[in-house]
């Protein structure tokens, strides 16, 4: 081994130290980069040579630059991120929804409801006072308008979440496509086992972590390998890569399969599909979980009911359904009572979808088996006829008409001119083109009025006959237009005699009575009107509070996992500075070797001269 070999030994040390200093400097420079993984130069002894029976070293070499990525802690970080982002997005929307019901602050629907019944109380005390009637109509108008506005705001929130869902899916596809492109670059960059495209792998990790915020996705990179060369880590150095969502491969190597969206429904709600090469589609809407997209689906709804153009699930949909149930019951029960007030003519609401031969109980779940009475009063307020109408599971609107028009001796006096059918005649007009109908009960003799007395069927309230409220739910509840236009038409009496206030008093009693609320899911709640509303708003507040607790836990877990990940893969500037001093010393020592050999050469050349 000659003197020049010794010179190379020193030079190799200088080059190795330069690479180590460069790598450490790069780590320090990227200490603030969130997705940067610290790197280390892997140093080994150069090939030795045999000289005179001795094995002599020829210096050192840098084999590769490795990133200290720990796949296990990174996997935990992605999972924690998915859960934290799920509750984060959920919390923002739930908080916004709770602000639509400010009842705890003395405002909102509950306060409007209280004012509405205060107005009924005033009207019951002063049934002939015009100002009391106007006040009642105005209070009822305020209540109905705010119910409509609240439903509209919930509906808009649901639509906004739906639009954000589209943006989320677009971002997921964008990330997936970029990951596929990176995989293609990795195939070209990492040819030899010592080739490490660290920057590309860092970028892919960054994209995977971004994706974990949006959806629960699984990245399979082959079997993780343990590497103890520098520090014990579980690496992802393999070439195989597959990214899947609920078992459907979105990225396979450099191939990319995007998620598809379809809004082919009247409401424009998006369904999420996975499309395979043969153009077969798989609906993933009900399967996707986690992250922002999972939260959006849980809020908006997953299972679309095409028959009713709405969702059968979803938190916001549940809130809308409960508000509709409250409103429908308010309409039904109020109209049940108000139908006791005698009127000269009966007109129902426009009954959409009620065919003449449809079962009433199938048409509206508020209608129950039982009976109601039709009572005829003369102009003196005297009852002159009364007939009981029966409803069972098979009863249709045609059956109701037949029972009303039947020639029956209601008074059991064998007289031919003083029964219900002698004073009033019923007719159901159905329009097949619009699929809607209208029940009418018209007078056959002047000076007579008819009233309903329900015995638990909810028939007059459900069909809005002789109604105080019109509408079917929170979307269209309003005060009967005839009352709204002329408050003087308000009735406080069942018999039509001024000064009697039995209907108004019955309305006040309704405030404290338990009634049945027929929920969309088939369950029935027996509560007072304000009791159900408090349960509804209590559930909204409880959902938000429970999510806040879950989010706090998820955030703590994320911080813990992130700290663990950073301790293994992040840059510690103190550690890097210590390494820098070490490499600087190595550089100086190697330079000393070169200087020494240079002096030796000078001496050698001096001898020759």
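Above 17 Å lies some portion of the pair distances; for the stretch 348-411, what is it as a whole percent of all C-alpha pairs? Kindly include the intermediate steps, with their values, before the conclusion.
Details: 981 of 2016 pairs.
Looking at the stretch 348-411, the distances longer than 17 Å represent 49 percent of pairs.
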In 10 Å bins starting at 0, how do the alpha-carbon pair distances of the stretch 484-602 split up by percent? 10, 14, 13, 12, 9, 8, 7, 7, 6, 5, 4, 3, 1, 0
Hey, what did the chain get for relative contact order, percent, Cα under 8 Å, at least 6 apart? 20
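Which order do the peptides 55-63, 385-393, 358-366 come out in when sorted by mean C-beta neighbours inside 10 angstrom, highest first?
On the way: 55-63: 15.1, 385-393: 16.7, 358-366: 19.0.
My ranking of the peptides, most packed first, is 358-366, 385-393, 55-63.
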Output the antiparallel fraction of DSSP beta bridges having both residues in the chain, as a percent to the nearest 5. 100
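For the stretch 436-566, what relative contact order do you get, as a whole percent, if you take Cα pairs closer than 8 Å and at least 6 residues apart?
Values: 77 pairs, mean separation 11.5, N = 131.
Worked out over the stretch 436-566, it gives 9 percent.
Using just the helices of the chain, give the 222 nm mean residue ellipticity in deg cm²/dmol: DSSP H runs with n ≥ 4 each add -39,500 (n - 2.57), and the total is spread over all residues, rounded to 500. Spell out each step's value before the answer.
Working: 15 runs with 295 residues, N = 609.
Helices in the chain give a 222 nm mean residue ellipticity of -16500 deg cm²/dmol.
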Expected sort for 200-207, 163-170, 337-344 on mean C-beta neighbours within 10 Å, highest first, is 337-344, 200-207, 163-170
So how far, in whole Å, is the C-alpha centre of the stretch 345-397 from the one of the stretch 125-188? 37
P(r) of the stretch 76-134 over all Cα-Cα pairs, binned every 5 Å from zero, in whole percent: 4, 15, 12, 11, 10, 9, 8, 7, 6, 5, 4, 4, 3, 2, 0
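If you rank 604, 374 by fewest surrounding Cβ atoms within 10 Å, what's the result?
Numbers: 604 11, 374 24.
By the 10 Å Cβ count, ascending: 604, 374.
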Can you give me the Rg/Rh ratio for the stretch 363-485, using Cα atoms for both radii and the Kirkwood formula for Rh? 0.98
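Before anything else, pin down the relative contact order of the stretch 352-482: Cα pairs under 8 Å, at least 6 apart, normalised by residue count, whole percent. Walk me through the numbers before you get to the answer.
Details: 241 pairs, mean separation 36.9, N = 131.
Computed over the stretch 352-482, the figure is 28 percent.
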Ordered by fewest other Cβ atoms within 10 Å, a rough proxy for footprinting exposure, 282, 583 read 282, 583
Of the listed values (1) 153, 52, 32; (2) 166, 51, 50; (3) 178, 58, 45, identify the label whose number matches Cα extents along the principal axes in Å calculated from this model. (1)
In whole angstrom, how far apart do the alpha carbon centroids of the stretch 554-609 and the stretch 264-341 sit? 62
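Going by average Cβ density within 10 Å per residue, which order do the peptides 114-121, 261-268 take, highest to lowest? Write out the running numbers ahead of the final one.
Working: 114-121: 18.0, 261-268: 12.0.
So the peptides 114-121, 261-268, ranked by packing, come out 114-121, 261-268.
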Could you tell me how far the Cα centroid of the stretch 402-433 sits from the Cα centroid of the stretch 457-530, in Å? 25
Taking 1 over the mean of 1/r across every pair of different Cα atoms in the stretch 254-405, what Kirkwood radius in Å do you get? 20.1
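Based on the Kirkwood radius over alpha-carbon pairs, what value in µm²/s does the Stokes-Einstein equation return for the translational diffusion coefficient of the stretch 1-137 at 37 °C and 0.692 mPa s?
Details: Rh = 23.2 Å.
For these conditions, the coefficient is 141 µm²/s.
A short reminder: the numbers here are calculations on the coordinates, not readings from a lab. Keep in mind that what you see is a predicted model, and the values were worked out from it rather than measured. When we count neighbours, we look across all protein chains shown, and the Cβ atoms used for this are built from the backbone with ideal geometry, even at glycine.
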